[in-house]
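Here is the structure we will look at.
The values are calculated or read from the model by the stated rules, or taken from the named source; none is laboratory data. The model shown is predicted, which means the values in this text are computed figures rather than measured ones. Neighbour counts are summed over all protein chains in view; Cβ atoms, including those assigned to glycine, are modelled from backbone coordinates with ideal geometry. All accessible areas refer to the heavy atoms of the entire protein, side chains included, with ligands and DNA or RNA removed. Shrake-Rupley method; radii C 1.70, N 1.55, O 1.52, S 1.80 Å.
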Amino acid sequence: MSTAETSVPLSPPLSQRLRRVLAVMLVFFLVGPPVGAMVFMLATAVVGLGVKTDLSSLLLVGAFSMIYAVPLSYLVGAGPALMTGAGIGLWLAFLGRMTWPFAVLAGLIAGMVLLSMSGSPGFPPQNELFNAPAVPVMLATCAVPTLICWAIVREWYLAPFNRVKVAA
């Protein structure tokens, strides 16, 4: 009389999953706002200078951004960074691996939320909100840091919950 034993790997405990979410949020909080500030400042410089943009001008904007914009970036970027980090952290902790298109989508959603909360009149599109140069700049300001932070944490996923079938 032998019984067939099957070995089912145990799911990580809930406490480990929640610690993983917090770790991902911490990366997004520390890295996201400074990267977003750099993207924002360089993108607005490109939009403002137009076809006259040259590398020396962008380097100058980048240098001033590191001095002034990066330290202040946490005032504007901490909320969106934590929100996006929480979403990606929950995905990685409970659903498993996340691909880059979903990370870009998360960044674009964060950009849309930031635009809607910025006080811009007419969201959804009225008064030519989506024709303004601010929209692609704000979307890039959220999408690029999200993609960079995702690249840092993309291998931090945990196995999804195991579904064990019980023989009756």
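A few comments on the model shown:
- The set of residues in region 118-137 that are touching a Phe, Trp or Tyr at 6+ places or on another chain (Cβ under 8 Å) and at pLDDT below 50 contains only Leu129.
- With respect to (1) free of Cβ contacts under 8 Å to residues at least 24 places away in the same chain; (2) under 25 Å from Met25 (Cα atoms), the lone exception for Val39 is condition (1).
- Condition broken by Arg97, with the remaining ones in (1) within 21 Å of Ile152 (Cα to Cα); (2) modelled with pLDDT under 95; (3) not in a loop (DSSP other than H, G, I, E, B) satisfied: (3)
- Close contacts from region 8-28, counting a first residue that is within 18 Å of Ile152 (Cα to Cα) and a second that is polar (S, T, N, Q), with Cβ to Cβ under 7 Å and a gap of 6+ residues or different chains, come to Phe28/Thr84.
- Just so you know, in region 100-117 the residues that are under 19 Å from Arg154 (Cα atoms), among the hydrophobic types (A, V, I, L, M, F, W, C) and in contact with a Phe, Trp or Tyr (Cβ under 9 Å, 6 or more places away or on another chain) include one that is least open to solvent (accessible area, probe 1.4 Å), and it is Ala103.
- Residues in region 41-87 that are of a type in the set (Phe, Trp, Tyr) and surrounded by 15 or more Cβ atoms within 10 Å (Cβ to Cβ): Tyr74 only.
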